[in-house]
Structure formats: structure tokens, C-alpha cells
Amino acid sequence: MTAPISLQRAGAVVWCTLDRPPLNLFEPGLIRALRDMFAELAVDRAIGVVVLTGSGRAFTAGMDVRVLRDLDTGRARELITTLHDAIAAVHRAPFPVIAAVNGACLGAGFELALACDLRVSAERAIFGLPEVRVGIPSVIQAALLPSMIGPGRAAEMLLTGVPVTANQALEWGLVNRVVPDARVRPATEELAASIVACGPEAIRLQKELIIRWRETDLTTAVSYGINAFAAAYASDEPREGMNAYLDKRPANFKW
């Protein structure tokens, strides 16, 4: 059996492709591969951006129902804990993660996309949490929905299981960009390039702050920011970046 995730590296950008076409359904092997891969990537400080995408016609259509059907309470807890660990590894990665949503993005796949920092969507993509339609609740990153799109919209998605279109997702702020299907990769490459044009240490500090800000009160969040600002001066990045700005030249940052 081939590996469930393929890797392609271009400079500081790594493309991770879920490779179980046509729908890239989650099952224990793919979940473990995702968790282990992000644990491995997290220690590589030469990585500037990771892009997650899917092969075939879907980003991922979520969990394989055949896996879910025969669980008991204990195995259900074990499976969802492993899935949580995999999605948390994406959410807490020390580098920005972009979801290049090339098609259907449903259930656990939608939660994986929500764990990413940015989302570029194909026009034909749909987004949804259909779990209640097969008798289970949506969990993990679904908890982010009320703060992202408002409690009413979140409740509608969670309680009906009805998906939304890419353009609706854009209107609601669930995705950053919607592009023609053939433009998903080029548009994602452009977004990734705009990130790696910035200072590597500054990007990592900013990513750490984004995670912390989601999980703490305003006063503590501001305190974290003050510390991060001071920490930026432990490297030469601020001097190089500001000299480049004053000299009207591109900054020479090293990933």
C-alpha cells in the first residue's frame, strides 16, 4: 500500500497531499500519518509554510463511515482522541499552514481545514459538518465555528449538517480566497510566497501569538505580544528588514 500522504518541497514551502483518492477519507492509518508527519515537520526550522491539499476530487470528505459504524464507546474515544491529536499537530504547528481546498471539505476534513491558518478554495468546493446525519456530533475544531461565523450560522451548520458553497464560505469568513478550480495551486503558491518573503523568526513569533491569542484573555494576550516584540530583536531580522525598507530594496531574509 502506498503512503497515505505525499510530500513535495519547493524551497521553504512544503506541500502535503492527502493521497487516498478519490475522497481522501480519514481512517486510522491516514490519521496517524498526518499526526506523525506534522510532528516531524515541526522540528525543521527551514520550513516557512506548509500547504495541505488533497488528491482526486476532494480535499477530504471526512471520516470513512465504514470505520465509524462498528465502534463501541471505548474505541470511539480512542479514535476521536487520535484524530484530535492529529488536528492539534496541524493547529499548533510552528509555521503557517494553508489549506488548498481543491474539492469537498466535509466533517473531519472541514475541521482539518479550520485548523489551518489560511484557506484557499476552489469554486466547486463545499464545506460542511454532516456528522449529525449519521448519528454523531461534530467535535474538535468545530468549537471554533461560533467565534468565526457567529452562533446562529454555526448552529445551522452543526444542527442540520447541510454544507455551504465556497462563495458562501467566503462571505462568512471561513475561507480567505475563492478561485477557479484550476487556479487553486497557483493562488496558494502566491499566498505562500508572500509569507516566505517575510522574516522567518517574525513569522514563527506571529504564528505562536495567533495560537496563544485564541486561547487566552485580552490582558494576557497583550502581554504575550510585548514579549514577542522584544524577542524579535534577538535576531538580526529587524535590522535587515528595516534597512531594506529604508534602502528601497527587498529584504535578504534566510529561511
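What follows is calculated from the coordinates using simple rules that are stated; it is not laboratory data. Predicted model, so just to flag it, every value in this text is computed and none were measured. Cβ placement follows ideal geometry from the backbone for every residue including glycine, while neighbour counts extend to all protein chains displayed.
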To the nearest 10 degrees, how steep is helix 151-160 against the longest Cα principal axis of the chain, on a 0 to 90 scale? 40
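Starting from the stretch 163-255, pick out the GluC sites (Glu not before Pro) whose DSSP state is loop and whose Cβ has at most 12 other Cβ atoms within 10 Å. Could you put the intermediate results ahead of the total?
Values: sites: 171, 189, 190, 201, 208, 215, 240; in loops: 215.
Within the stretch 163-255, the qualifying GluC sites (Glu not before Pro) (loop, at most 12 other Cβ atoms within 10 Å) are 215.
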What is the P(r) of the stretch 200-247, as percent of Cα-Cα pairs per 5 Å bin from 0? 5, 21, 25, 19, 14, 10, 5, 1
Label the stretch 71-161 by shape, choosing from rounded, prolate and oblate, from the square roots a ≥ b ≥ c of the eigenvalues of the Cα gyration tensor; if a/c is under 1.5 it is rounded, and otherwise prolate applies when a/b is larger than b/c, oblate when it is not. oblate
In the stretch 118-159, which trypsin sites (Lys or Arg not before Pro) are in a loop and have at most 16 other Cβ atoms within 10 Å, using DSSP for the loop call? 124
Cα centroid separation - the stretch 187-248 against the stretch 1-70, whole Å: 27
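For a footprinting-style exposure proxy, rank 183, 45 by other Cβ within 10 Å, fewest first.
On the way: 183 15, 45 12.
Ranking 183, 45 by Cβ neighbours within 10 Å, fewest first, gives 45, 183.
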Against the longest principal axis of the chain, how steep is helix 237-247, in degrees 0 to 90 to the nearest 10, with axes from Cα atoms? 60
Helix 73-91 against the longest principal axis of the chain: what's the angle in degrees, Cα atoms only, rounded to the nearest 10? 20
Within the stretch 149-182, name every residue whose backbone N is under 18 Å away from a label modeled 7 Å from Cα of residue 136 along the Cβ vector. 158-162
